[in-house]
Each structure stands twice: as structure tokens, then as C-alpha cells.
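Data first, discussion second: the structure below is written as C-alpha cells.
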Amino acid sequence: MRAAEADYLGWPALPAEPAPPSDAQWAEEVAAGVAADLKARAGGRR
């Protein structure tokens, strides 16, 4: 529901959705996940 409608009805406004992660943040998270996976696989084989 839009903030104006919520205000008209007297309802508390819903919190804004968090912004999606930037490309750099997303790439860092993916790289960290891949590195952790590879580390776990290498550790499991030895």
C-alpha cells in the first residue's frame, strides 16, 4: 500500500524496502561463497 493511502486511513506506514545490493557487494558475496565452498571441498578430501 502506498504511504499516502496508509496516511489517509490512519495506518502506520510500512517501512521502505531495503535497496538491492550493488553489483560490487553482490560480486563480493558470491566470491566469498564460492571460496568457502572450494575450501570446504578441499578440506573434505584430505
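Using the Cα centre of the chain as the reference point, and only Cβ charges (+1 on K/R, -1 on D/E), how large is the resulting charge dipole? Debye, rounded to the nearest 20.
The dipole magnitude comes to about 580 debye.
Would you calculate, for the chain, the mean residue ellipticity at 222 nm contributed by helices, counting each DSSP H stretch of 4 or more residues as -39,500 (n - 2.57) and dividing by all residues, to the nearest 500?
-21500 deg cm²/dmol
Of 40, 25, 14, whose Cα points farthest to the positive end of the dipole of the chain (charges on the beta-carbon: +1 Lys, Arg; -1 Asp, Glu; origin at the Cα centre)?
Farthest towards the positive pole: 40.
Could you give the angle, 0 to 90 degrees to the nearest 10, between helix 23-45's Cα long axis and the longest principal axis of the Cα atoms of the chain?
Relative to the chain, helix 23-45 is tipped by roughly 40 degrees.
Here are some values of semi-axes √(5λ) of the Cα gyration tensor in Å: (i) 45, 12, 5; (ii) 24, 11, 6; (iii) 25, 18, 8. Which one was computed from this structure?
(i)
Any read-out appearing in this document is the output of simple, stated calculations on the displayed coordinates, not a laboratory observation. In this text, all values refer to a predicted model and were calculated from it rather than measured experimentally. Heads up, the Cβs are rebuilt from the backbone with ideal geometry, glycines too, and the neighbour counts pull from every protein chain shown.
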